[in-house]
Amino acid sequence: MGVTMQNLVAVEPVKNPQNRLRINWDMGRRCNYICSYCFLHNRQPDDFPDTKDLHAVVDNMVDLDNNIALTMTGGEPTFHPGYMDIVEHLIKHKSAFSIINTQTNLGMPYKFFQEFARRFEGERKLRLSMSYHIEFAKVEDAIKN
Ligand code: SF4
């Protein structure tokens with residue numbers, strides 16, 4: 001039998017042992033930091049994909065599965081001007097998600113995280129995973145956030 005693309009490449013959902021569909025969602029390669037070791041050097045929040053288009057991405061995700069472990073990444077997801085609305089849209093569809101995680105540098109102002117906590121209080125599927133980038137983050141701000 002000859003080697004063809006059909007027997008070399010398979011596109012199908014990848015599930016982890018808990019039978020969750022794991023999705024790492026690159027929301028646009030933009031960030032509020034410009035770490036010297038990073039391949040991203042775009043600090044323009046206007047360059048992010050449109051919020052409405054990202055709502056449509058969420059709608060497509062929930063058509064895929066009803067046990068999704070989602071991680072939003074980037075760049076920096078919280079830097080997207082529509083981040084809170086996108087989380088709100090994810091919450092509307094939360095029955096399709098086991099986890100809704102944001103991989104963040106916690107670099108937005110303290111007020112931003114206060115608003116996040118106020119708006120999504122009690123939403124147990126929401127997670128923030130922090131990465132600390134010493135060139136830009138201030139320890140005291142990171143701890144406060
Ligand atoms: S915080 Fe992360 S994504 Fe942003 S510039 Fe630094 S390494 Fe890159």
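Taken together, the values in this text are just the output of simple stated rules run on the coordinates, not laboratory data. Nothing here was measured: the structure is a model prediction, and the numbers come from that model. All Cβ positions, glycine included, derive from the backbone under ideal geometry; neighbour counts span all protein chains shown.
Values computed for the structure shown
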| read-out | value |
| --- | --- |
| Highest-fluctuation residue, Phe116, Phe39, Phe97 considered, GNM on the chain with Cα pairs under 10 Å | Phe39 |
| Test item: Cα-centred dipole of the range 15-144, Lys/Arg +1 and Asp/Glu -1 on Cβ, debye | 440 |
| Free-standing Cys residues across the chain, given no other cysteine C-beta under 4.7 angstrom | Cys31 |
| Estimated distance in nm for a label pair at Ser131 and Leu40, the labels positioned 7 Å out from Cα along Cα-to-Cβ | 0.8 |
| Considering only the chain, percent of DSSP beta bridges that pair antiparallel, nearest 5 | 5 |
| Label-point separation in nm, Glu115 to Val57, each point 7 Å along Cα→Cβ | 2.0 |
| Value at 222 nm in deg cm²/dmol, rounded to 500, when DSSP H runs of n ≥ 4 in the chain each add -39,500 (n - 2.57) | -8500 deg cm²/dmol |
| Linear extension gain, Arg124 paired with Glu88, 0.36 nm per residue minus alpha-carbon span | 11.6 nm |
| Radius 11 Å from Cβ of Asn101, net charge of other residues (Lys, Arg +1; Asp, Glu -1) | +3 |
